[in-house]
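Shown next, in structure tokens, is the structure this report addresses.
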Amino acid sequence: MSTSPLMRGSRAFLVCCALLGLASCQTSPPTPQGAEPSPSAPQPAAAGVPAGAREFKVVSEESLLQILVYRGGAMARLGHNHVIASHQLSGTVYVTDDPLATRFDIAFPVNGLTVDEPALREAAGPDFPPAVPQSARDGTHKNLLSEALLDGANYPEIRLRAVDIKAAGEGYDAGIEIAFKGQAYVRRVPVGVRREAGLVVASGEFPLRQSELGLKPFSVAMGSLVVLDEMHIRFEVTARE
């Protein structure tokens with residue numbers, strides 16, 4: 001039996017939506033258990049700066065945050081995995097002689113996020129082949145900044161603030177407050193630190209679920225094409241005195 005024009009048009013529309021929106025997610029009204037947001041955008045507390053700390057300024061040109069998002073579902077072949085990145089980290093690291101007392105307050109602009117830079121895709125590994133159409137990159141970027149998602153027009157900044165640091169093997173386990181769109185969530189993050197005279201470099205990688213941040217992963221065609229809930233975060237932050 002031949003497919004009717006209406007059915008063909010509907011199918012094409014779904015595929016188009018999927019390709020343009022794969023790396024996006026939608027805000028979810030319910031708040032996930034264990035991820036209670038604050039009622040308004042938090043401001044850095046003065047008490048969070050340890051006494052006698054030396055201020056190190058984050059160097060944007062030497063710092064990078066990457067968010068790796070993955071496709072899923074029966075129609076996954078129609079979409080792409082994506083690398084979302086920020087080269088515009090800024091802020092202060094408050095360094096003390098006691099590493100566990102060190103704190104930081106870092107931010108980056110939502111509208112400065114990039115999607116699928118060729119060099120970053122190549123470095124990300126075989127799950128991120130180079131052939132991503134510009135239309136898919138542009139559509140993903142537009143959806144990412146839309147009012148339904150990060151809402152870059154009204155909430156232009158995402159803030160990361162250390163609330164506590166614990167020893168963990170050869171590195172550290174940091175409680176980090178992630179603040180965006182007027183809400184804040186605290187997550188534990190593994191961090192490796194290299195300290196030299198006048199220099200601190202913090203790096204690490206960890207999984208993070210969109211649902212832990214009150215977001216609902218993108219899905220179309222009754223779940224045949226989705227963005228997987230779990231993302232992978234990589235970061236390297238350089239700060240100089």
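What to note about this one:
- Less than 5 angstrom separates the built amide H of residue 158 from those of 108, 110, all sequence-distant by 5 or more or on a different chain.
- Shape category assigned to region 53-167 from the gyration tensor of Cα positions, a/c cut at 1.5: prolate
- Distance between modelled label sites at residue 241 and residue 138, nm, 7 Å Cα→Cβ extension: 4.9
- Applying 0.36 nm per residue to the separation of residue 96 and residue 151 and subtracting their alpha-carbon distance, the gain on full extension is 16.2 nm.
- For a straight C-alpha distance cut-off of 12 angstrom, the aspartates and glutamates reachable from residue 216 (same-chain residues fewer than eight places away being disregarded) are 229, 230.
- Taking the fewest neighbouring Cβ atoms within 10 Å as the starting point, the ordered list for 63, 90 is 90, 63.
- In straight-distance terms, cross-link reach from residue 57 covers every one of the lysines whose alpha-carbon lies under 28 Å from its own, apart from those fewer than eight places away in the same chain; here that gives 166, 181.
- Cα gyration tensor category, rounded, prolate or oblate, for region 105-197 with a/c compared to 1.5: oblate
- Global form of region 123-173, assessed from the alpha-carbon gyration tensor, a/c cut-off 1.5: oblate
- With the simple model of a label 7 Å out from the Cα in the direction of the Cβ, residue 117 to residue 55 spans 2.7 nm.
- Extension reserve of the residue 228-residue 164 stretch, reckoned as 0.36 nm per residue once the Cα distance is removed: 20.1 nm
Only the coordinates and a few stated rules stand behind these numbers; no lab work does. Predicted model only: the values in this text are computed from it and were never measured. No Cβ is skipped: glycine too gets one built from the backbone with ideal geometry, and neighbour counts run over all protein chains shown.
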